[in-house]
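Data first, discussion second: the structure below is written as structure tokens.
The values are calculated or read from the model by the stated rules, or taken from the named source; none is laboratory data. What you see is a predicted model; the values in this text were computed from it and never measured. Cβ placement follows ideal geometry from the backbone for every residue including glycine, while neighbour counts extend to all protein chains displayed.
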Amino acid sequence: MLNKGLEHYLKLIMKLPFKLYRPYIALVEDALKNVRSELKKTEIYLKRHNMKLIRENMNKEQSDYVFIHMGWEERNSYLNTQLRDRSEELLITYFIN
């Protein structure tokens, strides 16, 4: 979710008529690099521990996920507003660091 958002922001910045757009591009690219690194670490962890996370359904109000580990299956539903708020928190963290 963060990955797609940052890629979208990067495209927007490149199209806008900024006089000093390079600092903004560098900031977004650095955050994008950190997001991709964290995502890769998470994928490696899930694979090593024989875990899977699958997004089953998504509509305007909620997203449904299935978490599978060692034959056990857990289903969770999250409101999209909760996911958005958490994504915003992470995005702030990536831009500050």
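Would a scan of region 9-16 turn up a residue that is without any contact (Cβ under 8 Å) to a residue 12 or more places away in the chain, in a loop (DSSP other than H, G, I, E, B) and either touching a Pro at 6+ places or on another chain (Cβ under 8 Å) or not β-branched (Val, Ile, Thr) (or both)? Looking for residues that are without any contact (Cβ under 8 Å) to a residue 12 or more places away in the chain, in a loop (DSSP other than H, G, I, E, B) and either touching a Pro at 6+ places or on another chain (Cβ under 8 Å) or not β-branched (Val, Ile, Thr) (or both), one finds at least one in region 9-16, hence yes. The C-beta contact set for region 71-96 (first residue touching a residue at least 12 places away in the same chain (Cβ under 8 Å) and assigned to a strand (DSSP E or B), second residue surrounded by 12 or more Cβ atoms within 10 Å (Cβ to Cβ) and among the hydroxyl-bearing types (Ser, Thr, Tyr), distance under 6 angstrom, 6+ apart or interchain) comprises Asn76/Tyr65; Tyr78/Ser63. Is there a residue being surrounded by 13 or more Cβ atoms within 10 Å (Cβ to Cβ), closer than 25 Å to Asn97 by Cβ and either of a type outside the set (Asp, Glu) or at pLDDT below 95 (or both) anywhere in region 55-62? No; the residues of region 55-62 include none that is surrounded by 13 or more Cβ atoms within 10 Å (Cβ to Cβ), closer than 25 Å to Asn97 by Cβ and either of a type outside the set (Asp, Glu) or at pLDDT below 95 (or both).
Tallying residues that are under 14 Å from the mean Cα position of the chain (by Cα) and over 22 Å from Leu79 (Cβ atoms) within region 43-62 yields 1.
Being assigned to a helix (DSSP H, G or I) and more than 17 Å from Asn97 (Cβ to Cβ): is that true of Glu43 here? For Glu43, the condition - assigned to a helix (DSSP H, G or I) and more than 17 Å from Asn97 (Cβ to Cβ) - is met.
The residues listed here are Arg36, Arg75, Arg86; of these, the one that is touching a helix residue (DSSP H, G or I) at 6+ places or on another chain (Cβ under 7 Å), charged (D, E, K, R) and surrounded by 10 or more Cβ atoms within 10 Å (Cβ to Cβ) is Arg36. May I ask you to list the residues in region 47-70 that are closer than 23 Å to Lys33 by Cβ and either touching a residue at least 12 places away in the same chain (Cβ under 8 Å) or touching a Leu at 6+ places or on another chain (Cβ under 9 Å) (or both)? Across region 47-70, the qualifying residue is only Leu53. Each residue in region 8-25 was checked for being within 19 Å of the chain's Cα centre (by Cα) and exposed (fewer than 13 other Cβ atoms within 10 Å of the Cβ), and 3 pass. Residues of region 17-34 that are among the aromatic types (Phe, Trp, Tyr) and outside any helix (DSSP H, G or I): Phe18, Tyr21.
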